[in-house]
Amino acid sequence: MGDQENVVVSSFAGNIIEQFWKLEQNPDGYFIIKSAKNENLVIDIQRNDPSNENNIKVYQRKYSNNSNQKFKFSK
C-alpha cells in the first residue's frame, strides 16, 4: 500500500495487515482513519469534495489543513 492509492472495498482476505485500520480521535471530536500497517497513511477525501463519485484515497497524513482527512461518526 502506498501514497495516493484509491481505496478498494473487497472481501476480507484473512490476516492481511493492509486490510486493518485504526481510529484516532482528535480533541475536536473528529477521527483520523489510519492504516494499521503505516500510521502515516490515512483515508483522504480527494480535493475535500464529499460529492458522489469522488475518490477516497490513501494519502500521507497532514497535520494542518487536513479537513479532508477528518471524519465525524454519528448514529
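The values are calculated or read from the model by the stated rules, or taken from the named source; none is laboratory data. Since this is a predicted model, take the numbers as computed values, not measurements. Counting neighbours? That spans all protein chains shown, and the Cβs are built from the backbone with ideal geometry, glycine included.
Couple of notes before you dig in:
- Residue list for the range 30-75, restricted to those being of a type in the set (Lys, Arg) and at negative phi: LYS34, LYS37, LYS57, ARG61, LYS62, LYS70, LYS72, LYS75
- For the range 50-70, the condition holds for no residue, the condition being that it is touching a Lys or Arg at 6+ places or on another chain (Cβ under 8 Å) and aromatic (Phe, Trp, Tyr).
- Qualifying residues in the range 26-63 (those that are among the basic types (Lys, Arg) and touching a Leu at 6+ places or on another chain (Cβ under 8 Å)) - the one surrounded by the most Cβ atoms within 10 Å (Cβ to Cβ): LYS34
- Highlighted here are the strands (runs of 3 or more DSSP E) found entirely within the chain that include at least 1 residues which are modelled with pLDDT under 90: 56-60.
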